Amino acid sequence: TEAMLSLADCYYGGIGTSQDEERAFKLCVKAAELGLPAAHALVGDCYFEGRGTPQDSKAAATCYQKGAELGDVTAMNNLGICYDEGAGVDERDQKQAAGWWEKAAGLGNADAQNNIAACYYEGLGVAKDVEKAKFWFQEAADQGYEEAAQTLRVITGAGEADDDDE
């Protein structure tokens, strides 16, 4: 099943073959049907972005939910994004978003670490807690997540925000 995802990646990128997003999508769906948790996140991405299949945020959220339940940290992070944006879910729910991000963050996903840090820093879906925010920004920064490192420098007074971001 992981070989299917590798082949799908080749079709998406046109690596060693002609680019064929529909074929790549079908391979990801097959891998998900065979029980590979990461495949659910990839199928969700396809639906979310409309790659190889029509865009469908509800189908994306459903795929992310399945992958998250199977323990895939990327699916957990992306499900958090769905809840944060209100995309493909019944309603926007920052508590749900924060819950999924914290779970994925605890399992080492740098994107989720950055996302939950921002939640703690702003008090979105969780009680505001600058120390927890610093902790999660640091965890993400330690994995090379530059946005987290920059934010950490700003909130600790060790650096200034880029003027380009204003």
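The values are calculated or read from the model by the stated rules, or taken from the named source; none is laboratory data. Remember, predicted model here, so these are calculated numbers, not experimental data. Note that each Cβ is placed from the backbone with ideal geometry, even for glycine, and that neighbours are counted across all protein chains shown. Just so you know, the surface numbers come from the protein's heavy atoms only, side chains and all, with ligands and any DNA or RNA stripped out. Shrake-Rupley method; radii C 1.70, N 1.55, O 1.52, S 1.80 Å.
Worth a mention:
- T156 sits with roughly 70 Å² accessible to a 1.4 Å probe, with DNA, RNA and ligands left out of the calculation.
- Fully extending the segment from E85 to E146, taken as 0.36 nm per residue of separation minus the present Cα-Cα distance, adds 19.7 nm.
- Carbon + sulfur, % of accessible area of the chain - ligands and nucleic acids excluded, 1.4 Å: 46 percent
- Choice from D129, D20, D90 with maximal GNM fluctuation in the chain (Cα, 10 Å cutoff): D90
- Accessible surface, 1.4 Å probe, highest first, among residues S6, S57: S6, S57
- Rounded to the nearest 10 Å², the accessible area of L7 at probe 1.4 Å: 80 Å²
- Per the Cα gyration tensor, the range 30-93 maps to an equivalent ellipsoid with semi-axes of 17, 14, 8 Å, ordered largest to smallest.
- Rough spin-label spacing in nm, given labels placed 7 Å along Cα→Cβ, for I15 and K128: 4.4 nm
- Taking all protein chains together and a 1.4 Å probe, the residues F25, F135, F48 rank F135, F48, F25 from largest to smallest accessible area.
- Convex hull of Cα atoms in the chain, direction-averaged projection (nm²): 10.7 nm²
- Computed E for E2/E49 - FRET, C-beta separation, R0 22 angstrom, nearest 0.05: 0.55
- Given charges at beta-carbon only (K, R positive; D, E negative), |dipole| of the chain in Debye: 700 debye
- Across K66/K134; K26/K103; K103/K132, pairs whose alpha-carbon gap is larger than 26 Å: K66/K134; K26/K103
- Rounded accessible area of V43 (nearest 10 Å², 1.4 Å probe): 10 Å²
- Rounded if a/c under 1.5, otherwise prolate or oblate - the range 79-166, Cα gyration tensor axes: prolate
- Accessible area per residue for the range 7-166 is 53 Å², calculated with a 1.4 Å probe on protein heavy atoms, without ligands, DNA or RNA.
- Compactness index (Cα Rg / 2.2 N^0.38 Å), the range 49-129: 1.05
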